[in-house]
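The values are calculated or read from the model by the stated rules, or taken from the named source; none is laboratory data. Everything numeric in this text was worked out from a predicted model, so none of it was measured. Neighbour counts run over all protein chains shown; Cβ positions are idealised from the backbone, glycine included. Only protein heavy atoms, including side chains, enter the accessible area calculation; ligands, DNA and RNA are left aside. Shrake-Rupley method; radii C 1.70, N 1.55, O 1.52, S 1.80 Å.
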Amino acid sequence: MNSVLEATNSSLRQQLHLKITQLGKREEDLQGSKRELALSQEALQEEQRVHQATQEQLQACQSDREKTKEALQSEEVQRRTLEQRLSRMKDTMKPLFTCPLSDTCCPSGWILSEKSCFYISLTARTWDESQNHCKSLSSDLATFNDIYYSGNYLNNARKMLTEVNPPGSFWAISNYIKMWQQADSKKSSG
């Protein structure tokens, strides 16, 4: 009976040892799975943090987009308002200008000659007074290149000055002789 007990005991020990070995292996497997699960959880948490940060960036971008859209709409309203004001100003200013050419306009009372506007003042003034008067009109004394050549005014300047009614003397700058002189529209030479 002892031998049966010993055989049973031996068999039980072997089974117990086998079970302990199997449990040890399962414990190692579970520990490995636990580590993998912990790593997966960390990766998932990192992905969630990245997702949250991306979501916040998206919301910030959407908020910026809305602000930009509102600013753009405001700028568009302001642009339309300015265009309307400009159009009204053009309509108001139109009677004050003569525009014989589509790309050249002169204030009323000024003479257009070769895409330049000239104002002829019939008030007698000194050179300095004439210069100051021109400056007050946001202009300068008329400048003619090569106005005086061999005792004759060139055609363009001469034509314009001879058309002035009543004829008189006018201050102008001649680049040909590099000095200012009084131009007389009654004569063909200075």
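Brief remarks follow.
- Flag for residue 54 being hydroxyl-bearing (Ser, Thr, Tyr), under 30 Å from residue 160 (Cα atoms), surrounded by 10 or more Cβ atoms within 10 Å (Cβ to Cβ) and free of Cβ contacts under 8 Å to residues at least 24 places away in the same chain: no
- When the stretch 107-116 is limited to residues that are under 17 Å from residue 143 (Cα atoms) and either in contact with a Leu (Cβ under 8 Å, 6 or more places away or on another chain) or not assigned by the TED database to the domain that holds residue 160 (or both), the one that is surrounded by the most Cβ atoms within 10 Å (Cβ to Cβ) turns out to be 112.
- Look at the stretch 3-16: where a residue is at positive phi and open to solvent by 80 Å² or more (accessible area, probe 1.4 Å), no partner that is modelled with pLDDT of 85 or more and basic (Lys, Arg) sits 6+ places away or on another chain with Cβ atoms under 6 Å.
- Residue check for residue 122: open to solvent by 70 Å² or more (accessible area, probe 1.4 Å), in the same structural domain as residue 160 (by the TED database), modelled with pLDDT under 85 and not in a helix (DSSP H, G or I): yes
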